[in-house]
Amino acid sequence: MSHLTIEPSILYFGTPVVLLSTENEDGTFNLAPMSSAWALGNVIVLGLGAEGHTARNLAERPELVINLPAPHLWEAVERLAPLTGRDPVPASKADRSRFEPDKFGAAGLRAQPSDGVRPPRVAECPLQFEATAARVGLDVSGSFVIAEAVVSKVHADPRIVVPGTQHVDPAAWSPLVYNFRHYFGLGDQLGHSYRSQTPGGVPETVSATAGS
């Protein structure tokens, strides 16, 4: 195979979209989409723009909810994309963003009370992680903030849980994937890791209802 050497403007090679709900200074709540998140045990590592409202909120009020939308919610995510909770709008976003205090309403999503943190969950999201940012700081470039969020409670749509277990069924759950600034869902299962505790999956009829 011969490869080309290229210089892409972004490196979003296919990562899950999450919606972060955080608390604003006045006690209201912000909701922001982001696509740089990955898990280490019960810690979710988040990459955020340094000038974004979410990064500021987490530095001052570390409680948050990490909401994972299903693919059919991509339009709600995209409605959030050009909005910011910062007023005035940061200079780096002035040409493409506008201030919006009611992010839930603007996206057409419903706020759902959390059990152990102040920010609400997104009712429409099949997976919701209540968490606290234990460490928040700049990355090596100084342009981004890395937050390490410790998850304290996981909420799951029962349609994506293996009955009688604590496992999310990977055959029933499909994340919304941000692939070089395009939205995708998952395709058919190809196989499973040798460490999988759910190797059999569930019947296709169950997976077809998840997130509907």
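Computed extension length for V45-L186: 48.6 nm, one decimal, from 0.36 nm per residue of separation with the Cα-Cα distance subtracted.
When each of the peptides 45-55, 114-124 is scored by how many other beta carbons lie within 10 Å of its residues on average, the order from highest to lowest is 45-55, 114-124.
Springs between Cα atoms under 10 Å define the GNM used for the chain, and in it the highest mean-square fluctuation of P126, P16, P90 occurs at P90. Think of each Lys and Arg Cβ as +1 and each Asp and Glu Cβ as -1; about the Cα centre, that makes the dipole of the chain roughly 80 debye.
Of the residues V162, V150, V140, which exhibits the maximal mean-square fluctuation in a Gaussian network model of the chain defined by a 10 Å Cα contact cut-off? Judging by the Gaussian network model, the answer is V140. The coefficient of translational diffusion for segment 4-95, derived via Stokes-Einstein from the alpha carbon Kirkwood radius under 10 °C and 1.306 mPa s, stands at 109 µm²/s.
If you wrap the chain in the convex hull of its Cα atoms and look at it from every side, the mean projected area works out to 13.9 nm².
Here the chain exposes an accessible surface that is 55 percent carbon and sulfur, computed with a 1.4 Å probe and the other protein chains kept in place. Only Lys, Arg, Asp and Glu carry charge here, each on its Cβ (+1 for the first two, -1 for the last two); on that basis segment 4-83 has a dipole of about 200 debye about its Cα centre.
Three semi-axes describe the equivalent ellipsoid of segment 34-86; taken as square roots of 5 times the Cα gyration tensor eigenvalues and ordered largest first, they are 19, 17, 9 Å. Ligands, DNA and RNA are left out, and with a 1.4 angstrom probe the accessible area of the chain is 58 Å² per residue.
Average 1/r across all pairs of distinct alpha carbons in segment 92-182, invert it, and you get the Kirkwood radius: 16.3 Å. Put a plus charge on the Cβ of each Lys and Arg, a minus charge on the Cβ of each Asp and Glu, and nothing anywhere else: the dipole of segment 59-183 about its Cα centre is then about 140 debye.
Between E148 and A106, the simple label model (points 7 Å from Cα in the Cβ direction) yields a spacing of 3.2 nm. Toward the positive end of the charge dipole of segment 71-195, with +1 on the Cβ of Lys and Arg and -1 on the Cβ of Asp and Glu, the farthest Cα among P101, S114, G191 is that of P101. The helix-based estimate of mean residue ellipticity at 222 nm for the chain, built from -39,500 (n - 2.57) per DSSP H run of four or more residues and divided by its residue count, is -2500 deg cm²/dmol to the nearest 500. Model label sites at S92 and T198, defined 7 Å from Cα along the beta-carbon direction, differ in position by 3.6 nm. Per-peptide packing, taken as the mean over residues of other Cβ atoms within 10 Å, places 164-170, 77-83 in the sequence 77-83, 164-170 from highest down.
The values are calculated or read from the model by the stated rules, or taken from the named source; none is laboratory data. It should be emphasised that the depicted structure is a prediction, and the values quoted were computed from it without experimental measurement. When we count neighbours, we look across all protein chains shown, and the Cβ atoms used for this are built from the backbone with ideal geometry, even at glycine. With ligands, DNA and RNA removed, areas are computed over all heavy atoms of the protein, side chains included. Shrake-Rupley method; radii C 1.70, N 1.55, O 1.52, S 1.80 Å.
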